[in-house]
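The structure under discussion appears below in the form of structure tokens.
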Amino acid sequence: MIKDNYLNNLKDKTIKAGVIGYPLTHTLSPKIHNFYLQKFQINGSYQALPCAPENLLSLINELKSKNYAGFNVTIPFKEKMLEICDQLDGSALEIKAVNTVVINNEKKLIGYNSDAQGFIENVFDKAKNLSLKNKNAFVIGAGGAGRAIVYALLKNNIKNIFITNRNYSKASKLIEDFAKISALQNCKIIFLDSNQFFDQLNLADILVNTTSLGMDNQPPLLLDLAKLKSTTVICDIVYKPLITNLLRQAQNNGNPIVTGLGMLIRQALVGFNLWYHKKIIDTENLEELLISNKI
Ligand code: ATR
């Protein structure tokens, strides 16, 4: 249930959106959206909508009846949302995960995935001279975020993707689901168990952690990076803490790093444009403001 006094305070024309997840204690998405709503003087709202899995459908019905423009979905609903949406955009269909939903005038749910775009824009923004053409990517994790990142790498002409995951069947399903597009892109996706992954790390040009390992209150990601080439770019999608154990180790090793906060901001801007009809290209200094707790 959405708090009524919150809604009563909103004027009729306010464009409403929010993020659904569970638990949703540390989400930065409301800060990001409200920063831009204020900056561009848009009559809109964006709120955290924590929701236990058994209440997901009733919350979505409530959002429809209260004329929400749409919502984001995060852990653990990104794959579940695929089945709930009435229509899927190409990226959501290919990635098989949804993180952004538009509720259209007919109250239909249109699902999008902006994680791939958010990831790749952030990587190219931070690692300015990076080219992925004919390179080897090493990816840890095969969940919703892992699928989006593999998709982004495939679309950017990577040559090989070496993937490891605790649960083999999930990685193998990912490889199967991407078989057609990887063949089209002339890229191989190869599963490695954790020992093989470590043994071959010297081949990596880019390494990405797509799991929740290393996040506050989660186990650390333990991976010895000593074998890496000094040019290998190390990316983490975790943004709390900003410098994870993995990134600290990479820094100590002298490798370039890409933190996860920029991906979060950039994936948010896709939804912002869909709901509030404002395309933001320059993220301004939002990353610094969030890091320094100024907003
Ligand atoms: P998201 O949609 O955010 O990617 P997810 O689909 O639940 O979330 O995926 C989480 C990823 O983190 C998976 O790759 C998961 O591994 P499994 O597929 O084996 O579950 C990985 N992960 C989470 N906790 C982990 C842990 N303690 N050890 C190893 N991998 C973990």
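Considering the range 196-222 alone, what residues qualify as being within 24 Å of residue 151 (Cα to Cα), at pLDDT 95 or above and surrounded by fewer than 23 Cβ atoms within 10 Å (Cβ to Cβ)?
196, 197, 198, 200, 201, 202, 203, 205, 213, 221
So which residues in the range 174-227 are within 10 Å of the ligand (Cβ to nearest atom) and within 11 Å of residue 161 (Cβ to Cβ), if there are any at all?
Matches in the range 174-227: 174 only.
Of all the residues that make up the range 158-169, how many are outside any strand (DSSP E or B) and closer than 20 Å to residue 222 by Cβ?
4
Just checking: which of the strands (runs of 3 or more DSSP E) contained wholly in the range 28-140 hold 2 or more residues that are touching a residue at least 12 places away in the same chain (Cβ under 8 Å) and either out of contact with any Gly (no Cβ under 8 Å at 6 or more places or on another chain) or of a type in the set (Phe, Trp, Tyr) (or both)?
Passing ranges, in order: 44-50, 109-112, 136-140.
One line per residue, one yes/no per condition, for (1) at positive phi; (2) surrounded by fewer than 19 Cβ atoms within 10 Å (Cβ to Cβ); (3) over 19 Å from the mean Cα position of the chain (by Cα):
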position: 23; (1), (2), (3): no, yes, no
position: 29; (1), (2), (3): no, no, no
position: 33; (1), (2), (3): no, no, no
position: 52; (1), (2), (3): no, yes, yes
position: 57; (1), (2), (3): no, yes, yes
position: 76; (1), (2), (3): no, yes, no
position: 80; (1), (2), (3): no, yes, no
position: 84; (1), (2), (3): no, yes, yes
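Could you check the range 118-177 and list, in sequence order, the residues that are among the acidic types (Asp, Glu) and farther than 17 Å from residue 232 by Cα?
Scanning the range 118-177 gives 121, 176, 177.
Whether any residue in the range 101-111 is within 12 Å of the ligand (Cβ to nearest atom), among the basic types (Lys, Arg) and surrounded by fewer than 22 Cβ atoms within 10 Å (Cβ to Cβ) is what I want to check.
No.
Per-residue answers, yes or no, for (1) under 15 Å from residue 119 (Cβ atoms); (2) within 21 Å of the chain's Cα centre (by Cα):
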{"position": "220", "(1), (2)": "no, yes"}
{"position": "227", "(1), (2)": "no, no"}
{"position": "234", "(1), (2)": "yes, yes"}
{"position": "247", "(1), (2)": "no, yes"}
{"position": "250", "(1), (2)": "no, no"}
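Could you please find all residues in the range 135-155 being surrounded by fewer than 24 Cβ atoms within 10 Å (Cβ to Cβ) and at pLDDT below 95?
143, the sole residue that qualifies.
The values are calculated or read from the model by the stated rules, or taken from the named source; none is laboratory data. Since the structure is predicted, the reported quantities are computational estimates derived from the model, not experimental observations. Cβ atoms come from the backbone with ideal geometry, glycine included; neighbour counts cover every protein chain shown.
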